[in-house]
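The values are calculated or read from the model by the stated rules, or taken from the named source; none is laboratory data. Bear in mind that the values here come from a model prediction, so they are computed numbers and not experimental data. Neighbour counts run over all protein chains shown; Cβ positions are idealised from the backbone, glycine included. The accessibility values were calculated without ligands, DNA or RNA, using every heavy atom of the protein model including side chains. Shrake-Rupley method; radii C 1.70, N 1.55, O 1.52, S 1.80 Å.
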Amino acid sequence: MASLSVKPGQRFTLPDWQNNSLLISTDAEQQRFNSHHVRQEGRALRNETGNQARWDEHNSRTQLKDRITTVDKWREALAKCLADMDLEIDALTKVKEAAENALQAKNLCLDVAIECLTFRESRRDIDVVRDPVEEELHREVKVIEKTKKELQQRVDDAFRQLCLLKEARQLLSCDHRHKVEALELDRQCMSFNPTSGNISFKVNPTRIPDGTTALCEWELTSQRNKDRAEAEMKASVDLRGAITLTIAQTNNELDAQRIATEFALRKRMRDMEGALSELRWQEKNTLDEIAEMEEEIRQLEEDIRKRTLDLKVAHTRLETRTYRPHIELCRDQAQFGLTDEVQQLEGIIRALQQKRTESQDTLDALYRQLHRIQTDIGYKTNSLQLDNKCMDTRRKLVIPVEKFDPEVDAVNRTRNLPRNSQLELA
């Protein structure tokens, strides 16, 4: 008979089996609860940290924008101040050069006054007196020396002020350059984002670099540089006004003694220049008329040549028709027409030749008149040149050296002498 096999091992009771299933279910629910709790905490942490990171980045970006705006405003203010300072330096340099030129011009005045005193030392006998002229010359020397001293002081003041302006400009330029560099770096920081290719971890990025300054010190330094530049520019403007006033006063002091002396000479020169202007106007018109008359003579000669050729043609036609045979040699309309043409052409040529002779006579008369005008211009030019020599002696005392230009050559400014061939024809 077959026997029932029995599996070896421990045997559990039904309650044990039920308890084990319940335990497994209970543990699974507990683990799911714990997992759900961890997930909820992770999600909350992610939300919280994400929002915090985004807010921090937004806050940093906003602060960077505000900082860029602040630095850019200072950069613009410093740039404008730099431009104003460059203009002021240039203006003060020009005024200083004007003062130096005025100072240099006083040397000529002093030389002329001393030369006049030296000339008057050669007087003899009773003429060696201390007259008003000598007193005026000594007074002129004292005035010139006083004005030179004042101008030299102004030149020295301008030099010192230029040094201060350039020193303030150097500080301002350095501050402006640093702000430009800082703006470039902050704008570069604004461009960084998580997808940028040039981001990386740095060693101790939160360290405070050596030389770091406080915000109030940064703004105070820029304000101090700007205030100093503005103060130096104001001082420069005041100095420029003082220098200009000094130049004007010194020139007026020297000019006050010389105005009445040159009145009559200037009047005579104006009259002479008016006469010269009229003569030069006549000379120009005469030259224009000569050119037109020469052109007219050329046209007359050209017409005479053409009419002569036409006359040759008519003569040739008439001569050729004399060889017609027998009865063909008749006085037809062509014969009458050619005869009339010859007579007309001969009359035309005579009229043109007469007009050419008349025009040539007129041209010769124009050349003679031109010669008279240019001769008179030469006389008046010589007279005006002599007056200019007298005026130049006085102009040395009233015109700065850098502007002094003798007027002797100015009288020849429109003098156009005729060609030798023209004079020979005249």
Q. Does ALA334 qualify as being modelled with pLDDT under 80, open to solvent by less than 70 Å² (accessible area, probe 1.4 Å) and assigned to a helix (DSSP H, G or I)?
A. no
Q | Within the range 363-377, tally of residues that are surrounded by 15 or more Cβ atoms within 10 Å (Cβ to Cβ) and more than 14 Å from ARG298 (Cα to Cα) | A | 9
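A quick yes/no check of all residues on (1) surrounded by 13 or more Cβ atoms within 10 Å (Cβ to Cβ); (2) of a type in the set (A, V, I, L, M, F, W, C); (3) part of a helix (DSSP H, G or I):
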position: GLU135; (1), (2), (3): no, no, yes
position: VAL143; (1), (2), (3): yes, yes, yes
position: THR147; (1), (2), (3): yes, no, yes
position: LEU151; (1), (2), (3): yes, yes, yes
position: ARG154; (1), (2), (3): yes, no, yes
position: ASP157; (1), (2), (3): yes, no, yes
position: LEU162; (1), (2), (3): yes, yes, yes
position: ARG169; (1), (2), (3): yes, no, yes
position: SER173; (1), (2), (3): yes, no, yes
Q: Give ILE327, ILE290, ILE297, ILE304 a once-over and let me know the one that is loosely packed, with under 11 Cβ neighbours inside 10 Å, more than 43 Å from the chain's Cα centre (by Cα) and either among the aliphatic types (A, V, I, L, M) or at pLDDT 85 or above (or both).
A: ILE327
Q.
Just checking, does the range 216-230 include any residue being open to solvent by less than 40 Å² (accessible area, probe 1.4 Å) and either modelled with pLDDT under 85 or assigned to a loop (DSSP other than H, G, I, E, B) (or both)?
A. no
Q.
So the check is Cβ under 9 Å with 6+ separation or different chains; which pairs have a first residue in the range 132-154 that's over 16 Å from ASP111 (Cα atoms) and at pLDDT 90 or above and a second one that's of a type in the set (Lys, Arg) and in a helix (DSSP H, G or I)?
A. LEU151/LYS106; ARG154/LYS96
Q. From the residues in the range 186-195 that are exposed (fewer than 10 other Cβ atoms within 10 Å of the Cβ) and either closer than 30 Å to LYS226 by Cβ or among the hydroxyl-bearing types (Ser, Thr, Tyr) (or both), which one is farthest from the chain's Cα centre (by Cα)?
A. THR195
Q.
Among the listed residues ASN251, ASN198, identify the single one that is assigned to a loop (DSSP other than H, G, I, E, B) and either out of contact with any strand residue (DSSP E or B) (no Cβ under 8 Å at 6 or more places or on another chain) or loosely packed, with under 13 Cβ neighbours inside 10 Å (or both).
A. ASN198
Q | Lone unmet requirement of (1) under 29 Å from the mean Cα position of the chain (by Cα); (2) in a loop (DSSP other than H, G, I, E, B) for ASP210 | A | (1)
